[in-house]
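Reviewing the structure listed below.
Where a number appears in this text, it was derived from the coordinates with a stated rule and is not lab data. In this text the structure is predicted, and so the values were computed from the model without any measurement. Using ideal geometry, Cβ is built from the backbone for each residue, glycine included, and neighbour counts are taken over all protein chains shown.
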Amino acid sequence: MLTRILVAINVIVYLFERFVWGLDPNALYAHGGQYGAVLSDGEWWRIFASAFLHGSDLHIIFNMIALFQVGTFVELIFGAPRMAIIYFCAAFGGGAAVSIFTPDVVTIGASGAIFGLFGALAVAGLRLGPRGKSIMQQTTGIIVINLAISLLPGSNISIADHIGGLIVGTLCGLALFRMPRPRVPVAQPVGGGYAQRIGPDPGAVTIEHAPSEPSQQP
């Protein structure tokens, strides 16, 4: 249920962006896009607001597919309350990393939180032992591939957001994991989310496509 609620909130916010606020960089920033050293500037709320903003149809589609896939398994294994803690802590971790390492780039997207869910799912796979071997292998592979793509020149993917969310989500998973009931299914491979970064000049926006197809869109 929580996974569906998060997906629904993201989609509703995007519809407002798409048809009411507009998708231009100034509108995205005005409605919560993260820019600057928000932690020291007192605008920490932008970390959470930006995690619900997306800059294009492809951006929201790919992130929501990833959120639905990985969130479903994390919610089954950890339960909704602990998944909520993981999700929002990871969103904050990713946003904090952006604020520290890339404050001159406007960043929006749910991928920091999504990477945190991947980290927690990998922890669950590790702690489940033989039952979780496939979860661990698949999730780790997806994390490595997506992080590698984030480093490709010209990808414009927010590596700081991904790594920050991943680290915090993994730590939360370690702290919150409890052995699940036997009915919890073994996860199948899931896709990865991605962040969107807007250039330092809010007058020019760069849209990121899915990690598997890195490209730019003016």
Descending principal axes extents, the stretch 9-87, alpha-carbon based, whole Å: 40, 32, 15
Förster-model FRET efficiency, 35 Å R0, ASN26 and LEU2, C-beta, rounded to 0.05: 0.60
Order by protection proxy (mean Cβ within 10 Å, highest first), peptides 30-38, 47-55, 125-133: 47-55, 30-38, 125-133
